Each structure stands twice: as C-alpha cells, then as structure tokens.
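See below for the structure under consideration.
The values are calculated or read from the model by the stated rules, or taken from the named source; none is laboratory data. Quick caveat, the model's predicted, so the values are computed rather than measured. A quick note on method: Cβ atoms are made from the backbone with ideal geometry, for glycine too, and the neighbour counts reach across all protein chains shown.
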Amino acid sequence: MRDNIFNIPVFGALLRSVWFWRIARLTTLALTVAMIAWGWHQHAVPGLSLPDPLMYTNLTNHLFWVWWLMGIVFIALLFGRLWCSVCPLGWLNGIVSRFGLRREMPVWLRNFISVTLVLVILQLAIYFFKLHRFPDYTAILLTFCLLLTIGAGLLYRQRAFCLLFCPAGAVFGLYARVAPFQLRVKQPSVCAGCDSQRCVSEPQEWQKHQLGGSVLYRHRRLDGCPVDLVPAALADSADCTFCLNCFHNCDKENIKVGFRPWLADIETGLRRSETLFFLVLFGMLTANFSKVYVELRQLLFWLPQEVAVLLGWQESGYYVLAAIWVALLLPSLLMLPGYLILRAAAIRTTSITDPDAGPGLFVHDERSGFWSSVGQLALPMIPALLTAHAVLAIVKINAKAAYLPFALVDPSGVKSFLAMNVMQTVATPGAVISLDILKWVVLLLLIVGLFLSFLVAKKVAVRQGRPGFLPAAIVSVLIPTVCYFSTVIEWLFVR
C-alpha cells in the first residue's frame, strides 16, 4: 500500500474516483475566485495614510503570500508535484484546451526560459510595486493568471500555462527529485504489450450516464497527458503533473502512485534551460535569506549598489541592477569555485612518444561546458536549497499564521487592522512558537539539508566517475550553506 496509495482500504477507492479530483479542483478554483473578490479594491484603510495596512489582515493576501506561497514548499518536500493534481489553473487550462485550436506547442517554447522570465518579472514587480503588500494587487495578479490560463488553453493542446508561465511548477520539478513520491507503471512488460495505448493516444469513446430510468449517451475524447509524457518511459518525476489522466484512461490498471525512497531521481542532470531556472531560484533564495543579516546582505549587494551610485541611478535603477545581479550574476559567482575545481581536475599532463602527434590536438568533452557542469553541480545543491526554502517558509508561517482567525472573520482586513492598531481593542498577533524553539528547528533543518546534499554529491560522483566532481560539489554546497548558517546564527542565536 505504501508504494500505491490507490490500494489503501476505503481511502484508495476515493482516490481512484475521477469525481474526487474534479471536486478538489473545482474547490481550489472557487477559492481562487473568492480570493480575487476578497482582495478587489482593497488597497488601504479609508481615512488613514499608511504604507501597507492590509498586508496580513486581508484574507486574500494572507492566504496567498503566507499559506499558499509558503505552504507549497512542504508539499513539494513530501509529495513533489502533487499540488499540480489539484491546481485550479492547470485544470482550467485543460478544460479550455478541449474547445480551443489545439495547436502543438512549438519546440522552441518547450523549455524553462519563459518561466524563468516570469519569475524575474514577479521579483521586479515586488521591488517596484510592492506587489505582495496590497490585496488589490494580489487580486489583479490572480485575475491575470486566470486570463493567461484561458488564453493558453484556447491556443495550445498542452497545458501551456503550466509550461510557459508557472514558476511554481518549475520549482516543484526541481524539488520532486528529492521528494519520496512518484507516479510509475506497475509492470513495464504490460505497457510493452499494450495495443490500445489509451494512456497517451487520447481515444474517443461512448459513455453511458444513467439516472433512474433516464439514460444519456455521450461521445467524448479522453484527455491524454497534458505535458506529453509516456508513463512507461518515466525516468524521474520532474515533469509529471499528476493529472492522473493516464491512470483513469489505462484499461490494464497498470498505473500506480505512491511513496518511494528519498533522493530517488537526484542522479538525472538538469537540462540547460532548467539550469538557468535553478540559478535564478538559487540567487533569489540566497538574497532573501540574507535579509535579516545586515552585514551579509550589504556584502552580497555591494556591487549593484556601487554600480548604481557610479551611474547616478536612483532607487528604481538600483532595483533593475539588483534584479539582474540576484537572478544571474550572484548565483553564477557562487557556483564559479566549484566549476573551476571541476575544470582543474580534468587537466591531465602526459608524455607523448608518438612522433605523429602534433600540438593542437583537442578532444571536446560535452560534460565540461559551463551549463552542463553547473547542471550537474546543481544536483547536490537541491536538498540544501530545499531546506533553506523550507526555513524561510517556517519563519514566515510562524510569524504570520496567527492572523488567520482575524482574516477569516473579516476578509477585507479593515476592521481587524483598526481593532489592532487604532482602537487597540485586540492585541496584534505574535509568533506561534517562540524563537527559543524555532532556532533549533531551523538549525536542525539546515543540518539535515547539508547532510543530504553530501550524500547526493557522493552518489552522483560515483555514478559519473568524473575527476574532481566530489570536491567541486562539496564546495558548491558549502558556499551558500555557510551563508545560510551564518544568517541563522546571527539572527536567532547571537541577537
């Protein structure tokens, strides 16, 4: 039952039902629409001139920026991309695509470049417009996502919104390599001998619906994989969105979903565009982690600050430089020592006795390129990056979770803010658990992440047999981890 949750008594039967997943997705879609309504036109408290009074008291902002954005980290940690199975945007995209043009997505769009750009644009929107501080901005963002979902569904057959515009899905893909959860086939031999190929062929069939004496026959095409995967060929869980179309279509009952050992997919190297996304995510998480350690943050941002002063750019210009620095230059610089160690270890000097062997003979190793090398060095960094992300999520939820009861009672957040800050009839919510407990939880989590990263480094080094990979991977892991540990110690232990 552990490796196939559909075999769990009673609960497994519920999970096998297509209606269970439809109701779950409809629920999340209804919640998304409700969040848009709760945040619409809620920008400030009437009569008060304050910078961001409704940031945590408004239900839209609270649910999106605290519970969803932080909570999905723990979902990814345990279940990989399972959130995609109930994501309202992916589901809506799939429904709309049934009635659209159903074009094939161009090959040049099937990469991580567009979602990387979206992630950078969102970061710039946070810098320039304080997107995360105002409920109406959050409502506009959710509305824009729904419109993009519909537009992408009308144009392409696949779930184009997920592939082109969803950074969360790309983050899930990275962390799914660590998570102990997967979709696989039970017996590959069954798939090899299958003639119908119902899981991927999108067959058409008649369906009979009966209620009492009334019978309705409907002719419909079964949905295939929205990201064009073949279940029998799955080697990792980075791309599977757990839509479960293959499970519901399979007439051999040969699909299973369940738990597996940790780090099962960690040996599969990152693709080039995925490496670019990793660098951007790595840079943003490291920059966000350093916010509470003033000296470290000043060190990390020294170069863009100096360049902005030299160019005479004001605050807005500095934000552009900071975004470029954080998204690409800083993470590349942090990865450079490991890359140089890897290249230096590949140098071999031998005596040549062949008189015909002249100078200039060069044999290119595809693994030695920068993007290929960084894509391999990124693998051991994923556990450390995931635990650092989890630390940020724990700290955020711990600090702001106590606002939830007030936001549920007063979705607009106006009355709650006035009660807390003007009339002072209600105490401002504090942390859920004390810093004395939190600091040890955070420290333990970082230690576990570092240990797992070292395990992955050894595992990948043995598989590759590449000279110098293990020390290069250890250095690549240690550089950001030292930043994370020093921030935690300075913030929670020293102060």
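Test R159 against the stated conditions and say whether it is within 24 Å of R16 (Cα to Cα) and crowded, with 21+ Cβ neighbours inside 10 Å. Taking the combined requirement at face value, the residue satisfies it. Could you please let me know if M70 is hydrophobic (A, V, I, L, M, F, W, C), touching a helix residue (DSSP H, G or I) at 6+ places or on another chain (Cβ under 6 Å), in a helix (DSSP H, G or I) and not assigned by TED's automatic domain parsing to the domain that holds L408? Yes. With the checklist (1) β-branched (V, I, T); (2) part of a helix (DSSP H, G or I); (3) over 19 Å from the mean Cα position of the chain (by Cα) in hand, flag the one item T275 doesn't pass. Every condition holds for T275 apart from (3). Restricting L492, L452 to residues that are farther than 19 Å from M70 by Cα, buried (at least 20 other Cβ atoms within 10 Å of the Cβ) and not acidic (D, E) narrows the list to L452. For the stretch 51-62, does any single residue satisfy the condition of being in the same structural domain as G151 (by TED's automatic domain parsing), closer than 18 Å to H132 by Cα and either of a type in the set (D, E) or surrounded by fewer than 20 Cβ atoms within 10 Å (Cβ to Cβ) (or both)? Yes: one or more hits. D239 passes every criterion in (1) assigned to a strand (DSSP E or B); (2) closer than 23 Å to S97 by Cβ; (3) among the charged types (D, E, K, R) apart from (1).
Restricting attention to the stretch 351-404 and to residues that are of a type in the set (S, T, N, Q) and surrounded by fewer than 21 Cβ atoms within 10 Å (Cβ to Cβ), the residue that is modelled with the highest pLDDT turns out to be N398.
Whether a residue is out of contact with any Ser or Thr (no Cβ under 9 Å at 6 or more places or on another chain) and of a type in the set (G, A, S) was assessed, and G193 passes this test.
Residues checked against (1) touching a helix residue (DSSP H, G or I) at 6+ places or on another chain (Cβ under 8 Å); (2) in the same structural domain as L299 (by TED's automatic domain parsing); (3) at pLDDT 95 or above:
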residue	(1), (2), (3)
P411	yes, yes, yes
M423	no, yes, no
V426	yes, yes, no
G430	yes, yes, no
I447	no, yes, yes
S453	yes, yes, yes
R463	no, yes, no
V475	yes, yes, yes
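The helices (runs of 4 or more DSSP H) located wholly in the stretch 362-480 that include 1 or more residues which are over 24 Å from P337 (Cβ atoms) and over 28 Å from the mean Cα position of the chain (by Cα) occupy 404-409, 414-421, 435-464. The C-beta contact set for the stretch 425-454 (first residue touching a residue at least 60 places away in the same chain (Cβ under 8 Å), second residue part of a loop (DSSP other than H, G, I, E, B), distance under 9 angstrom, 6+ apart or interchain) comprises L452/V178; L452/W262; L452/L263. Of the residues making up the stretch 111-124, those that are in contact (Cβ under 8 Å) with a residue 60 or more places away in the chain and outside any loop (DSSP other than H, G, I, E, B) are I113, V115, T116, L119, V120, Q123, L124.
Select, from W19, W91, W108, the only residue that is touching a residue at least 24 places away in the same chain (Cβ under 8 Å), out of contact with any His (no Cβ under 9 Å at 6 or more places or on another chain) and not in a loop (DSSP other than H, G, I, E, B). Before you say what the answer is, go through the steps one by one.
Details: W19 fails: touching a residue at least 24 places away in the same chain (Cβ under 8 Å); W108 fails: touching a residue at least 24 places away in the same chain (Cβ under 8 Å).
The match here is W91.
Scan the stretch 408-431 for residues that are on the phi > 0 side of the Ramachandran plot and loosely packed, with under 14 Cβ neighbours inside 10 Å and jot them down. Step through it out loud before you land on a result.
In the first step, residues of the stretch 408-431 are kept if they are on the phi > 0 side of the Ramachandran plot; the result is 413, 424.
Of everything in the stretch 408-431, just one residue is on the phi > 0 side of the Ramachandran plot and loosely packed, with under 14 Cβ neighbours inside 10 Å, namely Q424.
In the stretch 240-259, the residues that are closer than 18 Å to F79 by Cβ form Cβ pairs under 7 Å with partners that are part of a strand (DSSP E or B) and among the aromatic types (F, W, Y), at six or more places apart or across chains, as follows: F259/F181. Restricting attention to the stretch 249-300, the residues that are in contact with a Leu (Cβ under 8 Å, 6 or more places away or on another chain), aromatic (F, W, Y) and surrounded by fewer than 20 Cβ atoms within 10 Å (Cβ to Cβ) total 1. Only one of G212, G224 is among the small types (G, A, S) and over 30 Å from W108 (Cβ atoms); which? So the residue among G212, G224 that is among the small types (G, A, S) and over 30 Å from W108 (Cβ atoms) is G212. Would you confirm, using the coordinates I've provided, whether L148 is in contact with a helix residue (DSSP H, G or I) (Cβ under 6 Å, 6 or more places away or on another chain), in a helix (DSSP H, G or I) and buried (at least 21 other Cβ atoms within 10 Å of the Cβ)? Against the criterion (in contact with a helix residue (DSSP H, G or I) (Cβ under 6 Å, 6 or more places away or on another chain), in a helix (DSSP H, G or I) and buried (at least 21 other Cβ atoms within 10 Å of the Cβ)), L148 does not qualify. Considering only residues in the stretch 174-193 that are β-branched (V, I, T) and farther than 25 Å from A384 by Cα, the one that is surrounded by the most Cβ atoms within 10 Å (Cβ to Cβ) turns out to be V185. Take N421 and decide whether it is closer than 30 Å to V45 by Cα and either touching an Asp or Glu at 6+ places or on another chain (Cβ under 8 Å) or free of Cβ contacts under 8 Å to residues at least 60 places away in the same chain (or both). Taking the combined requirement at face value, the residue does not satisfy it. The set of residues in the stretch 429-480 being more than 20 Å from V178 (Cβ to Cβ) and touching a Lys or Arg at 6+ places or on another chain (Cβ under 7 Å) consists of R466 alone.
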